[in-house]
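To start, the structure under review is shown below, and the notes come after it.
The values are calculated or read from the model by the stated rules, or taken from the named source; none is laboratory data. Quick caveat: nothing in here was measured; it's all calculated off a predicted structure. Positions of Cβ are generated from backbone atoms using ideal geometry, with glycine treated the same way; all protein chains shown enter the neighbour counts.
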Amino acid sequence: MLRLEPRPAPSRAWTWGSPLLALAITVVIGVILFSAMGKDPVRGLQVFFWEPVKSAYALGELGVKATPLLLIALGLAVCFRSNVWNIGAEGQFVIGAIAAGGVALLAGKDTGRWIVFAVLLAGVLGGMLWAAITAFLRDRFNAGEILVSLMLVYVAIQLLGYLVYGPWKDPAGYNFPQTRTFEAVTQIPKLMTGSRVNVGALIALAGAALLWVFLFRTRGGFAQQVGGLAPAAARYAGFSSRRALWTALLISGGTAGLAGALEVAGPIGQLTPYVPAGYGFAAIIVAFVGRLHPFGMVLAAILMSMFYIGGELAQSRLGLPKSLTGVFQGLLLFTLLACDTLVNYRIRLGRGR
Amino acid sequence: MDAYALLLAATLNAGTVLALAALGLLINEKAGIVNLGAEGIMLCAAIAGFATVVNTGNDWAGFAAGMAAGAVLAAIFGWLVIWLNTNQYATGLALSLFGVGFSAFVGIRYVQAKLPERPQFNWLGLGDVPTLGPALFRHHPLVYGAMLLAAGLIWFLYRTRGGLVLRSVGESPQSAHALGYNVRLIRLLAVIFGGAMCGLAGAYLSVIYTPLWVEGMVAGKGWIALALTTFATWRPARVLLGAYLFGGVTMLQFHLQGQGVQVPSQFLTMLPYIATIVVLALISRNPTWIRVNMPASLGKPFHPGG
């Protein structure tokens with residue numbers, strides 16, 4: 001008979017060991033799944049874990065997908081550490097993309113390079129505005145942020161649909177639901193030729209460093225987390241819970257909006273109904289798998305990016321549905337949560353006491 | 001007049017999906033567990049039910065398959081949150097994310113599948129009564145099933161010993177434990193019931209309501225069902241009423257389009273989601289009212305003996 005015995009203090013080793021164990025279990029389930037579908041499991045693993053890192057170009061693509069995941073996860077980590085359950089980052093991402101796209105569409109042939117800053121700023125503000133609705137309704141009306149932020153995802157996607165099917169549709173686009181391609185001047189500068197990875201990757205890494213400083217070296221970051229861990233202590237210390245709520249949502253809205261701007265003015269280059277690619281939801285997994293720690297989330301974002309690329313390759317090379325990505329992402333979070341038991345509990349054999 | 005009869009009929013039909021799911025979720029919330037995995041469960045059940053009906057041709061086998069899928073997923077969720085004390089929000093979210101991916105993965109073979117034509121129902125011949133007939137007496141049995149379920153839950157929760165025990169587990173698990181009730185087992189059963197009902201709702205959606213399989217077809221109905229329990233301040237009758245209200249909002253968009261109202265369809269599609277937000281804000285405005293009605297241990301873990 002197995003029994004859980006509480007540890008006196010959370011295990012540091014398992015705090016970082018648990019994501020690795022969860023990944024191992026997910027891989028084992030993956031192998032079983034590949035075999036069950038009559039595919040070579042070694043080939044399957046190759047597609048997910050080797051192909052995305054085997055060449056400079058592949059690494060660039062890895063960076064392209066890891067960038068929005070990391071940026072969004074950074075903001076979500078602030079939310080989750082403050083016990084604010086923003087699960088609507090996907091909507092904030094979409095509104096950021098719409099705002100950035102709106103500015104990018106204003107650019108003409110003779111616009112200066114400064115437009116890139118305007119595009120990114122618009123994205124940040126758009127995401128913040130969308131998250132502010134959730135913060136306002138929670139603050140003023142006590143409405144649960146989980147459901148409100150999630151409902152706003154659907155609203156944001158419909159808004160994008162309205163724009164690309166309606167007023168912003170490219171008149172010369174053969175009636176496809178998409179805006180015209182943005183002027184070249186709005187393109188986010190690429191890091192190197194021959195790869196799609198752009199300065200967004202650097203912004204995301206700088207963001208991770210900034211988050212580390214904010215969380216672990218500033219009073220504001222400390223106040224933010226005390227509210228999440230011990231609301232009573234935070235009240236006693238005079239840390240405002242309203243302030244923490246607004247800070248968390250505005251930061252995460254801003255990073256999600258920035259990710260949206262980088263995406264439409266970077267790899268995509270126009271607004272289409274396919275802008276929402278689930279990064280906002282996958283970033284939740286990145287945040288948890290990365291232990292809400294900036295460094296951990298960098299690794300987790302790369303891992304989740306591998307899942308995305310692996311899913312696409314599994315479709316083109318192995319003839320498996322692309323949705324395999326979602327299956328593995330969900331499984332990883334599931335197993336992680338189960339493995340996290342080991343952080344706070346020891347497994348003992350036999351009946352205690 | 002007949003347009004309104006059809007609108008009412010469509011409202012009851014659409015509300016049934018929400019009612020079945022929300023009544024199930026009501027039970028596990030009464031026991032103190034929030035299951036944010038409702039959306040994922042409904043999706044997996046929708047494809048399980050649809051695939052079963054495609055292969056067997058039997059609707060009721062499809063419902064059973066949907067319920068079984070929902071119960072199994074809910075049991076896994078329940079084991080994690082009740083025995084391993086994982087965070088209820090995070091675990092439910094994991095279930096929803098997994099459900100979206102898994103249902104799409106399994107469902108890809110059924111995207112083009114068609115279900116056989118079903119006979120029209122006409123209960124006791126009342127379906128031929130003008131206006132009232134088409135509005136009320138031509139529905140699928142599960143439409144009435146949802147109403148009976150609500151009535152049954154009112155009776156169970158407030159008139160039986162079992163209901164009292166369930167509510168006490170949700171209000172004060174420590175006291176229920178001290179009285180000798182197996183809090184964890186009761187919570188698990190409540191979670192499984194919730195999952196099975198979400199499963200039935202998902203299967204009804206794909207087998208009867210739509211009836212076809214589309215990736216992500218639940219489209220937030222699981223989340224709206226979660227909002228409904230708050231909206232109803234955890235009372236079964238109000239859950240049912242709320243479900244029909246939201247069913248009506250969903251149908252209103254088609255009605256308005258039929259009436260030639262010139263609003264872009266995307267804004268009409270937004271309606272149920274915006275309505276959910278507005279209603280949540282209005283209901284939650286009074287924190288005391290919510291606190292009085294909400295099961296006191298909702299979302300909080302319970303450690304026996306600890």
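Here is the figure for the range B:92-121: residues that are of a type in the set (S, T, Y) and surrounded by 23 or more Cβ atoms within 10 Å (Cβ to Cβ) total 2. Pairs meeting the criteria (first residue in the range B:258-285 and more than 7 Å from chain A (Cβ to nearest Cβ), second residue exposed (fewer than 14 other Cβ atoms within 10 Å of the Cβ) and not aromatic (F, W, Y), beta carbons under 9 Å, at least 6 apart or on different chains) are B:G258/B:A3; B:Q259/B:A3; B:V263/B:Q257; B:S265/B:Q257; B:L268/B:Q257; B:L268/B:V261. Per the listing A:G101, A:G75, the residue uniquely within 22 Å of A:I302 (Cα to Cα) and more than 14 Å from every other protein chain (Cβ to nearest Cβ) is A:G75. Among residues that are within 13 Å of chain B (Cβ to nearest Cβ) and modelled with pLDDT under 95, A:G311 is included.
Restricted to the range B:82-168, the set of helices (runs of 4 or more DSSP H) holding at least 1 residues that are within 30 Å of B:N182 (Cα to Cα) and more than 14 Å from every other protein chain (Cβ to nearest Cβ) comprises B:141-159. In the condition set (1) in the same structural domain as A:G227 (by TED's automatic domain parsing); (2) assigned to a helix (DSSP H, G or I); (3) touching an Asp or Glu at 6+ places or on another chain (Cβ under 9 Å); (4) of a type in the set (F, W, Y), A:F80 is compliant with all but (3).
Where helices (runs of 4 or more DSSP H) sit wholly within the range A:147-265, those with at least 3 residues that are touching a residue at least 60 places away in the same chain (Cβ under 8 Å), closer than 30 Å to B:A219 by Cα and within 22 Å of the chain's Cα centre (by Cα) occupy A:241-263. Restricting attention to the range B:205-221 and to residues that are surrounded by 24 or more Cβ atoms within 10 Å (Cβ to Cβ) and touching a Phe, Trp or Tyr at 6+ places or on another chain (Cβ under 7 Å), the residue that is farthest from B:M147 (Cα to Cα) turns out to be B:W213. Scanning the range A:56-68 finds no residues that are touching a residue at least 40 places away in the same chain (Cβ under 8 Å), more than 14 Å from chain B (Cβ to nearest Cβ), among the hydrophobic types (A, V, I, L, M, F, W, C) and closer than 28 Å to B:A275 by Cα.
Checking the range B:223-232 against the condition returns a match, with at least one residue being within 20 Å of B:V17 (Cβ to Cβ), in contact with an Asp or Glu (Cβ under 7 Å, 6 or more places away or on another chain) and not hydrophobic (A, V, I, L, M, F, W, C). Taking first residues from the range B:163-181 that are under 17 Å from B:H303 (Cβ atoms) and partners that are among the polar types (S, T, N, Q) and assigned to a helix (DSSP H, G or I), the Cβ contacts under 7 Å between residues at least 6 apart in sequence or on separate chains come to B:S175/B:S168; B:A176/B:S168. Checked against the criteria, A:L299 does not count as modelled with pLDDT under 95, of a type in the set (A, V, I, L, M, F, W, C) and out of contact with any Asp or Glu (no Cβ under 7 Å at 6 or more places or on another chain).
Here is the figure for the range A:314-329: residues that are small (G, A, S) and more than 13 Å from chain B (Cβ to nearest Cβ) total 1. If the condition is being of a type in the set (G, A, S) and at pLDDT 95 or above, then the range B:51-72 contributes B:A51, B:A61, B:G62, B:A64, B:A65, B:G66, B:A68, B:A69, B:G70, B:A71.
Does the range A:65-107 hold any residues that are among the basic types (K, R) and surrounded by fewer than 24 Cβ atoms within 10 Å (Cβ to Cβ), and which are they? A:R81, the sole residue that qualifies.
A single member of B:L252, B:L241, B:L280 is assigned to a helix (DSSP H, G or I), within 30 Å of B:A151 (Cα to Cα) and at pLDDT below 90, and it is B:L252.
Quick check: anything in the range B:105-114 at pLDDT 90 or above and touching a Gly at 6+ places or on another chain (Cβ under 9 Å)? Within the range B:105-114 (the criterion being at pLDDT 90 or above and touching a Gly at 6+ places or on another chain (Cβ under 9 Å)), the answer is yes, since at least one residue qualifies. How many of the residues making up the range A:278-301 are away from chain B (no Cβ under 13 Å) and in contact (Cβ under 8 Å) with a residue 12 or more places away in the chain? Residues flagged as away from chain B (no Cβ under 13 Å) and in contact (Cβ under 8 Å) with a residue 12 or more places away in the chain within the range A:278-301 amount to 9. From the list A:A277, A:A244, A:A237, the one residue that fits, being buried (at least 19 other Cβ atoms within 10 Å of the Cβ) and assigned by TED's automatic domain parsing to the domain that holds A:Y57, is A:A244. Of everything listed in (1) part of a helix (DSSP H, G or I); (2) in contact (Cβ under 8 Å) with a residue 12 or more places away in the chain; (3) out of contact with any Asp or Glu (no Cβ under 7 Å at 6 or more places or on another chain); (4) not basic (K, R), the single unmet condition for A:A24 is (2).
Just wondering, is there one or more residues in the range B:56-75 that are more than 14 Å from every other protein chain (Cβ to nearest Cβ) and of a type in the set (S, T, N, Q)? Checking the range B:56-75: at least one residue is more than 14 Å from every other protein chain (Cβ to nearest Cβ) and of a type in the set (S, T, N, Q). Name the residue that is modelled with the highest pLDDT, counting only residues in the range A:314-353 that are over 22 Å from A:S35 (Cα atoms) and either among the basic types (K, R) or in contact with a Gly (Cβ under 6 Å, 6 or more places away or on another chain) (or both). Only one residue tops the list, namely A:R346. Considering B:L252, B:L240, B:L271, B:L256, the condition of being more than 22 Å from the chain's Cα centre (by Cα) and closer than 22 Å to B:T210 by Cα is satisfied by B:L256 alone. Filtering the range B:29-50 to residues that are in a helix (DSSP H, G or I) and either modelled with pLDDT under 95 or within 14 Å of chain A (Cβ to nearest Cβ) (or both) leaves B:E29, B:A38, B:E39, B:G40, B:I41, B:L43, B:C44, B:I47.
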